[in-house]
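Taking it in order: structure first as structure tokens, then the write-up.
The values are calculated or read from the model by the stated rules, or taken from the named source; none is laboratory data. Please read these numbers as outputs of a predicted model, since none were measured by experiment. We place every Cβ from the backbone using ideal geometry, glycine too, and count neighbours over all the protein chains shown. Areas reflect the complete protein model, heavy atoms only, side chains present, ligands, DNA and RNA absent. Shrake-Rupley method; radii C 1.70, N 1.55, O 1.52, S 1.80 Å.
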Amino acid sequence: MSIDADSLEEHPLLVKLLREGKPDTMTLWGYVGPSEHDGSIALYPSLENLGSAIEIPKGDILHVENVPQSVMLFGAKVVWVRRSATVVVRQADTAEDAVTSEDIRDIRTGRLHMRVKTQRSDCHSPCATCRDCSSVCISSCRVKPPQE
């Protein structure tokens, strides 16, 4: 079976993004909320942690689509933004949340003693809803599930 190349249609969203934003775009996933800046929206990666948001200027938004409920619940959006946009990332943690004893590692070499903050073991995904590697969304996790 051969494919007729003339019957292939261009994807309308791809054509729009290339026309308006050139190939220099980025996608952000989350929930639209109130912004601290006029002319911007706030995109919250998760409904679980409202201390984390990304402020995006409305003029740099190229396209918005609804995220399917099977990927992110409760009306999430995927937003295409010009890569040159000036976005502001807000991250608020309590001191207790910011550093735990699991985040600190003691290193001793001879008389040298250092306490070093290590990278947290957590999950990462475009929808930021995963808690472990059994999450609905595609995730890249470094957390080992608890042994039963």
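What to note about this one:
- In the context of the full protein assembly, Lys16 retains an accessible surface of approximately 60 Å², using a probe radius of 1.4 Å and ignoring ligands and nucleic acids.
- Contour minus Cα-Cα distance for His113 and Arg19 (0.36 nm per residue): 28.2 nm
- Within the range 23-62: backbone nitrogen closer than 16 Å to the Ser84 label point (7 Å, Cα to C-beta): 23-26, 57-62
- At an R0 of 30 angstrom, the distance between the Cβ atoms of Arg105 and Glu48 translates into a FRET efficiency of 0.65.
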